[in-house]
1. Based on the Cβ-Cβ distance from Ala71 to Ala25, what FRET efficiency comes out when R0 is 35 Å, to the nearest 0.05?
2. Relative to the longest principal axis of the chain, what angle (0 to 90°, nearest 10) does the C-alpha long axis of helix 99-108 take?
3. Extension gain Asn63-Glu10, at 0.36 nm per residue separation less the Cα-Cα distance, in nm?
4. Could you work out the pair-distance distribution P(r) of the stretch 41-112 from its alpha-carbon pairs, with 5 angstrom bin width and percents rounded to whole numbers?
5. Using a cut-off of 16 Å between alpha-carbon atoms, which aspartates and glutamates can reach Lys84, once sequence neighbours fewer than 8 places away in the same chain are excluded?
6. In debye, nearest 20: dipole of the chain around its Cα centre with unit charges on the Cβ of K, R (+) and D, E (-)?
7. Where does helix 55-72 land angle-wise versus the long Cα axis of the chain, in degrees 0 to 90, nearest 10?
Amino acid sequence: MDLDERPLAERQCIPCQGGVPPLGAAEVERLLARLDGWRAEGVHHLAKDFKFKNFAQALAFANAVGAIAEAEKHHPDIWFTWGKARIEIRTHKIDGLTESDFVLAAKIDRIP
């Protein structure tokens with residue numbers, strides 16, 4: 001299997017040191033097609049809204065996202081309130097999207 005075709009969630013985030021261009025629109029669309037329910041806001045960041053039955057579930061989700069972010073050394077913006085959470089992902093160093101942003105999104109989608 002070609003490395004590029006592995007499921008995104010099975011890859012590791014690669015820390016960005018800056019100096020690399022963000023992904024273009026065609027590459028963003030190609031990778032976005034491999035995710036479920038995420039949207040690209042321009043080619044600037046990924047976003048997804050999640051719904052839960054109560055505050056405790058939203059908090060548990062936010063904490064699970066935080067644990068993944070720490071393990072991957074790639075940190076999204078997380079907002080949560082009673083029954084809802086929103087995640088936005090970008091590579092802050094370049095203020096745009098890299099493949100690692102899509103890897104993180106796929107890993108977040110594996111949270112039960």
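What follows draws every value from the coordinates through simple rules; no lab data is involved. Fair warning: this is a prediction, and the values are worked out from it, not measured in the lab. Reconstructed Cβ throughout: ideal geometry from the backbone, glycine too, with neighbour counts over all protein chains shown.
1. Working: r = 30 Å, r/R0 = 0.85.
Efficiency for this residue pair is about 0.70.
2. 20 degrees
3. Working: separation 53, 0.36 × 53 = 19.08 nm, distance 2.06 nm.
Gain in length upon complete extension: 17.0 nm.
4. Cα pair-distance distribution for the stretch 41-112, in percent: 3, 17, 29, 24, 16, 8, 2, 0.
5. The reachable aspartates and glutamates, counting only those whose Cα sits under 16 Å from Lys84, are Asp49, Asp109.
6. The calculation lands at about 460 debye.
7. Between the helix axis and the principal axis of the chain, the angle is about 30 degrees.
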